[in-house]
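S.K.: Please find one structure pasted underneath; my questions will follow.
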């Protein structure tokens with residue numbers, strides 16, 4: 001192979017350790033940051049019901065009531081589960097920002113990969 | 001101390017033993033063998049070694 | 001199975017011992033736990049009907065994934081699966097990211113499994129009348145035991161998986177037969193189904209957890225270097241796997257939706273176990289308890305297997321420190337990668353809540369599927385049909401790729417509804433990691449050596 005062959009530097013054990021630790025910290029930060037900043041999870045709201053202390057008031061039929069009871073619930077313990085709903089209201093700007101971030105990320109990946117890939121192919125198959 | 005607590009302590013103990021086993025075995029292997037040999041596996045040795053009979057593993061040179 | 005120190009030509013490699021049944025067990029084993037827990041959050045996000053629609057739409061998404069993946073992987077058969085595919089087809093940075101998706105998706109799924117298992121043991125302990133029972137020791141034990149099993153050898157690991165998975169699958173079939181689906185004796189869909197409480201927006205939102213019915217089926221190709229004839233076994237194992245899951249997912253939905261009010265089902269931790277409780281049958285309860293335990297074990301086991309293979313492959317290519325690219329001379333497993341990922345899984349299983357862990361796993365998977373759809377288009381363009389030998393050719397190209405891309409876009413929106421912050425946090429992580437790789441890490445990588453397949457030069461380069 002006459003053409004430019006890239007010989008990478010040998011990485012020291014210390015450098016290897018630093019690289020491993022960097023990735024580890026990054027992974028843990030990505031997961032725990034939203035949790036600690038209290039930004040995680042969807043917003044929930046409670047819907048209004050007629051009466052929280054009876055099955056009928058919670059809008060449950062006789063058949064449904066029987067199953068709740070078999071699972072060990074009373075109207076009081078089941079009320080919070082039955083009245084809770086996700087809040088799906090959202091801001092269109094946020095959707096656009098998120099979409100731009102996703103598309104930008106993939107564009108970045110493909111652009112950098114392309115230049116790196118050319119090098120790989122040149123070294124493997126020789127220059128055209 | 002009830003029997004469930006015994007179960008919990010047993011779980012901790014077994015976890016510790018398994019963890020230590022892996023750790024010590026890893027250190028032992030790292031000291032016994034040459035690093036070059038341990039990291040000698042390469043991707044793509046597929047076509048030429050397509051069918052290897054498991055019982056005969058180790059006989060090949 | 002005797003594992004000997006086979007040193008051919010002063011080289012050690014992974015052991016090539018697995019058959020199609022192991023591939024099936026690896027794929028289905030990871031995923032089947034999705035029917036035992038997690039899928040029902042889709043009911044919470046959109047209602048019963050929405051969960052069924054999500055189940056089938058996600059089924060379509062995964063059928064595309066399985067077809068595309070089977071074609072590419074029957075050709076690029078190397079440990080690391082999609083990672084090795086990306087390296088050959090798209091380029092190094094993409095490969096690095098795909099490797100991270102895999103490690104993330106599987107390690108988080110493993111943590112989710114350990115959490116569920118700990119919860120179940122705790123529940124049973126409480127039901128048996130013990131006070132003050134903890135789940136943590138069992139979470140730790142699950143991870144430690146399975147890591148040890150993986151450390152010892154791949155053949156035993158996946159044979160255990162085959163048995164666990166088969167039992168867990170049969171448990172679903174027995175439950176389905178036992179509730180007499182042809183009669184209204186136990187099931188009462190008319191009284192339980194409630195239309196669409198959130199309207200059609202809820203249907204889209206529920207697609208988020210709809211992926212959970214199948215997430216991880218693509219893990220089959222991680223075993224490529226350990227399968228006896230990858231070109232045949234991998235497509236066979238993957239396709240039978242997706243069929244198994246479509247059947248199991250629909251049955252699970254049918255049984256649960258006829259038994260439980262949707263408000264309860266939408267937040268249950270162990271829905272199939274609850275379904276068994278509602279049948280008043282002690283044998284069924286025991287069976288579904290065993291099924292839940294086995295499916296979580298099988299899944300976590302497969303996850304350790306897959307995550308460590310991906311991490312190992314990246315170490316071998318110097319994308320990560322070379323230290324991780326080592327194979328155990330006796331057990332023939334990527335032992336350092338297995339050990340390194342143990343504390344990572346422990347941290348998440350010990351400290352993070354279940355739905356967050358699941359969301360991170362789903363997001364990593366989703367990024368991976370987006371890549372797959374683009375990947376297969378490039379694959380067909382760089383190496384058109386007939387230029388290289390393919391073990392399997394998927395039909396109707398490029399339709400599956402486009403359907404997959406469309407469904408992925410919808411699912412991003414579904415995750416955005418409720419979990420937008422995690423989505424952004426995750427993307428920031430990948431951008432930072434990508435820049436780090438491109439500007440720092442890539443200097444240690446040998447350029448030409450990354451391309452290991454015996455293929456001709458790609459068209460257009």
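Read-outs throughout are calculated quantities, based only on the coordinates presented, and are distinct from any laboratory measurement. Quantities reported herein were computed from a predicted structural model and do not represent experimental measurements. Reconstructed Cβ throughout: ideal geometry from the backbone, glycine too, with neighbour counts over all protein chains shown.
S.K.: Using per-residue counts of other Cβ atoms within 10 Å, averaged over each peptide, order A:7-13, C:157-163 from highest down. Numbers along the way, then the final one.
M.R.: On the way: A:7-13: 10.3, C:157-163: 20.4.
Packing order, densest peptide first, comes out as C:157-163, A:7-13.
S.K.: Would you order C:430, A:110 from fewest to most other beta-carbon atoms within 10 Å of each residue's own beta-carbon? If you can, show how the numbers build up before the last one.
M.R.: Working: C:430 23, A:110 17.
In order of increasing Cβ crowding within 10 Å: A:110, C:430.
S.K.: Run the quick spin-label model on residue B:10 and residue C:11: label points 7 Å from Cα toward the beta carbon, then report their separation in nm to one decimal.
M.R.: The modelled label-to-label distance comes out at 4.7 nm.
S.K.: If packing is taken as the average number of other Cβ atoms within 10 Å across a peptide's residues, how do C:262-270, B:18-26 rank, most packed first?
M.R.: C:262-270, B:18-26
S.K.: Under the rule of -39500 (n - 2.57) per DSSP H run of 4 or more residues, summed and divided by the residues of chain A, what mean residue ellipticity at 222 nm is obtained, to the nearest 500 deg cm²/dmol?
M.R.: Numbers: 4 runs with 76 residues, N = 128.
Helices in chain A give a 222 nm mean residue ellipticity of -20500 deg cm²/dmol.
S.K.: Here's another thing I want to ask about it. Rounded to the nearest 0.05, what FRET efficiency do residue A:46 and residue A:70 give with R0 = 25 Å and r taken as the Cβ-Cβ distance? Could you check?
M.R.: Approximately 0.50, to the nearest 0.05.
S.K.: Also, I was wondering about something else. Can you give the calculated 222 nm mean residue ellipticity of chain C, where each DSSP H run of n ≥ 4 adds -39,500 (n - 2.57) and the sum is split over every residue, rounded to the nearest 500 deg cm²/dmol?
M.R.: On the way: 16 runs with 315 residues, N = 461.
Using -39500 (n - 2.57) per qualifying helix, the result is -23500 deg cm²/dmol.
S.K.: Return the average number of partner chain Cβ atoms within 10 angstrom of each residue Cβ along peptide C:401-413. Before the final figure, lay out each step's value.
M.R.: Details: counts 0, 0, 0, 0, 0, 0, 0, 1, 3, 0, 0, 4, 4.
So the per-residue partner count for this stretch is 1.
S.K.: Relative contact order for segment C:348-446 using alpha-carbon pairs under 8 Å, separation at least 6, rounded to a whole percent?
M.R.: On the way: 27 pairs, mean separation 34.3, N = 99.
Relative contact order, segment C:348-446: 35 percent.
S.K.: Calculate I(q)/I(0) for the protein assembly as shown by the Debye formula, one identical point scatterer on each C-alpha and no solvent, and give its log10 at q = 0.06, 0.09, 0.12 Å⁻¹ to two decimals.
M.R.: Taken in order of the listed q values, log10 I(q)/I(0) reads -0.32, -0.72, -1.29.
S.K.: Right, here's the next one. Dividing the alpha-carbon Rg of chain A by 2.2 N^0.38 Å yields what?
M.R.: Details: Rg = 28.2 Å, N = 128, 2.2 N^0.38 = 13.9 Å.
Normalised by 2.2 N^0.38 Å, the Cα Rg of chain A equals 2.03.
S.K.: Sticking with this structure for a sec: Taking other Cβ within 10 Å of each residue's Cβ, how do C:96, C:439, B:4 sort, fewest first? Walk me through the intermediate numbers first.
M.R.: On the way: C:96 29, C:439 10, B:4 19.
Placing the least packed residue first, the sequence is C:439, B:4, C:96.
S.K.: State, as an integer percentage, the relative contact order of chain A based on alpha-carbon contacts under 8 Å between residues 6 or more apart.
M.R.: Working: 55 pairs, mean separation 36.0, N = 128.
Averaging sequence separation for qualifying contacts and normalising by length gives 28 percent for chain A.
S.K.: If you count, for every residue in B:19-26, the Cβ atoms of partner chains within 10 Å of its Cβ, what is the mean? Present the calculation step by step, with values, prior to reporting the outcome.
M.R.: On the way: counts 9, 1, 4, 10, 2, 0, 8, 8.
Taking all residues of B:19-26 together, the mean is 5.
S.K.: Once you keep just the Cα pairs under 8 angstrom separated by 6 or more residues, what percentage relative contact order results for chain C?
M.R.: On the way: 794 pairs, mean separation 155.2, N = 461.
Here the relative contact order equals 34 percent.
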